[in-house]
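Chemist: First, the structure itself, so that you have it in front of you.
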Amino acid sequence: MRQDVIIFGPPGAGKGTQGALLAERFGLLRLSTGDVLRDAVQHGTPLGLEARRFMNAGELVPDAVILGIVGDHLRGPAATRGVIFDGFPRTLAQAQSLDGLLAQLGRTLGAVLVLEVDDETLVRRLSGRRSCPSCGALYNVYLKPPREDGRCDVCGADLGQRPDDAADTVRRRLEVYHEQTQPLLAYYESRQAPLRRVNGDRAVEAVQRELVGLMQS
Ligand code: AMP
C-alpha cells in the first residue's frame, strides 16, 4: 500500500500498539516521532539533548525539530513505502507542513484513524504503564500487573517507567493534547480528509479488527 495513514489520538489511546499491528498487516512503515525522540535521548545525540527537557515536562518538542525528522524519513527510508504516522502531526503547523510535504513528494493521505478514549482511562493507562528494559514486555500496574511487583514475568529484569508517564506529567500531556492536538480533527474535517473515529476503550483485538476494516473500506 503506497497511501499514507495517520493514527491519531491522545497519549495512551493505543496508537503505538494499533499502529504497529496495522504496519505489519499492510506493509507500511511506522513512523513514531516519540520513538525517534526517545531513541535520540537514549543515545545522547544533539537531537536527544534538545528534545529531552520538553518530553520530560510533557510539553511538545518544537515543530521545526519534528518536521526535520519527518522530512528525513519521507525522503529516506519511506521514499518508496506507505507510512503510518504515530504521534504526528500534533500541532496545526505540523499538519499544514505535512500536507505540503506530501503534495511535494506526490504522496496521498489515505486515512486519519482516530482512537477515542476518555481522560480517566488514559490516566490509568499511562501512569500505570511499565516496561521491561531488557525484553520489551509491557505491563500496567492497574490493568495487567506482573506476577511479582516490579519484575518482568518473561525475563525477570526490573521494570521501568517512562519519565513522562509520571502522574503530573501525564496530566500535562493530556492538557497539551486537548489544547494543541485535538483541534486538528476540525482541520482534517475541513480538508475533507477521510477521518474515521474508533472507540479505543476496548480489547486490542477488537480495536484492531475495526481499524483493519476501515483501512480496507
Ligand atoms: P509519544 O510517544 O508520541 O507520546 O511522544 C512522547 C513525547 O515526545 C511527547 O510528549 C512530546 O514531548 C514528544 N513528541 C512526540 N511527537 C511529537 C510531535 N509530533 N510534536 C511535538 N512533540 C512530539
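Chemist: If you average the C-alpha positions of segment 58-89 and of segment 10-56 separately, how far apart do those two centres end up, in angstrom?
Modeler: 10
Chemist: Give the shape of segment 56-163 as rounded, prolate or oblate, defined through the alpha-carbon gyration tensor: a ≥ b ≥ c are the square roots of its eigenvalues, a/c under 1.5 means rounded, and otherwise the shape is prolate if a/b is larger than b/c and oblate if not.
Modeler: Prolate.
Chemist: Could you provide, to the nearest whole Å², the per residue accessible area of segment 33-130 with probe 1.4 Å?
Modeler: 45
Chemist: Calculate for the chain the 222 nm mean residue ellipticity that helices alone would give, adding -39,500 (n - 2.57) per DSSP H run of length 4 or more and normalising by residue count, nearest 500 deg cm²/dmol.
Modeler: My calculation for the chain gives -14000 deg cm²/dmol from helical runs alone.
Chemist: If I take the Cα coordinates of the chain and project them onto the principal axes, what are the three extents in Å, biggest first?
Modeler: 51, 40, 32
Chemist: Also, I was wondering about something else. Given axes a ≥ b ≥ c from the Cα gyration tensor, I'd like to know whether segment 1-122 is rounded (a/c under 1.5), prolate (a/b larger than b/c) or oblate.
Modeler: The shape class here is oblate.
Chemist: Answer with one residue from 152, 140, 31: the one whose Cα lies farthest towards the positive end of the charge dipole of the chain, charges on Cβ with Lys, Arg +1 and Asp, Glu -1.
Modeler: Result: 31.
Chemist: With a 1.4 Å probe and every protein chain kept in, tell me what percent of the accessible surface of segment 1-147 is carbon plus sulfur.
Modeler: On segment 1-147, the fraction of accessible area on carbon and sulfur atoms equals 52 percent.
Chemist: Using θ = phi - 60° and the Karplus form 6.51 cos²θ - 1.76 cosθ + 1.60, what ³J(HN,Hα) does each residue of segment 188-202 get, whole Hz, x for Gly and Pro?
Modeler: 5, 4, 5, 8, 6, 6, x, 9, 10, 9, 10, 6, x, 9, 9
Chemist: Something else now. Nothing charged except the Cβ atoms of Lys and Arg (+1) and of Asp and Glu (-1): what's the magnitude of the dipole of the chain about its Cα centre? Round to the nearest 20 debye.
Modeler: That gives a dipole near 420 debye.
The values are calculated or read from the model by the stated rules, or taken from the named source; none is laboratory data. Since this is a predicted model, take the numbers as computed values, not measurements. Quick reminder, even Gly has a Cβ in these numbers, built from the backbone with ideal geometry, and neighbours come from all protein chains shown. Just so you know, the surface numbers come from the protein's heavy atoms only, side chains and all, with ligands and any DNA or RNA stripped out. Shrake-Rupley method; radii C 1.70, N 1.55, O 1.52, S 1.80 Å.
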